[in-house]
1. I'd like the full set of residues that are of a type in the set (D, E, K, R), closer than 23 Å to Gly23 by Cα and not in a loop (DSSP other than H, G, I, E, B), limited to segment 36-51.
2. Condition first: touching a strand residue (DSSP E or B) at 6+ places or on another chain (Cβ under 6 Å) and either open to solvent by less than 50 Å² (accessible area, probe 1.4 Å) or hydroxyl-bearing (Ser, Thr, Tyr) (or both). Now tell me which residues in segment 31-60 satisfy that.
3. Only residues that are without any contact (Cβ under 8 Å) to a residue 24 or more places away in the chain and part of a loop (DSSP other than H, G, I, E, B): list them for segment 25-35, please.
4. Those residues that are surrounded by 10 or more Cβ atoms within 10 Å (Cβ to Cβ) and not in a helix (DSSP H, G or I), I need them from segment 1-24; list them, please.
Amino acid sequence: AGNQLLSEKSVQDIRERLGLQTGAFQVLLIGKDGGVKLRSSEPVSMRDLFGLIDSMPMRQQEMEREKK
């Protein structure tokens, strides 16, 4: 996959769909299903972020497969 910039229209569409305000700080974690798994107006520690990711069902399955 190459590095491709999003068009301004795409960025605006994403902001609208997610209810994001221009100029406001937001952290979003979006799952593979497209759902918002975390939304925060404050910075999130990497420990908390990875803890949340590791608790997700798909990640749990991936970790189980890696054990074998």
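The values are calculated or read from the model by the stated rules, or taken from the named source; none is laboratory data. All values derive from a computational prediction rather than experimental measurement. So basically every Cβ, Gly included, is an ideal-geometry build from the backbone, and we count neighbours across all protein chains shown. Accessible surface is based on the protein model in full, side chains and every heavy atom, while ligands, DNA and RNA are left aside. Shrake-Rupley method; radii C 1.70, N 1.55, O 1.52, S 1.80 Å.
1. Once the filter is applied, which keeps residues that are of a type in the set (D, E, K, R), closer than 23 Å to Gly23 by Cα and not in a loop (DSSP other than H, G, I, E, B), segment 36-51 yields Lys37, Arg39.
2. Residues satisfying the conditions are Gly31, Leu38, Ser40, Val44.
3. Listed by number, the residues that qualify are Phe25, Gln26, Asp33, Gly34, Gly35.
4. Across segment 1-24, the qualifying residues are Leu6, Leu20.
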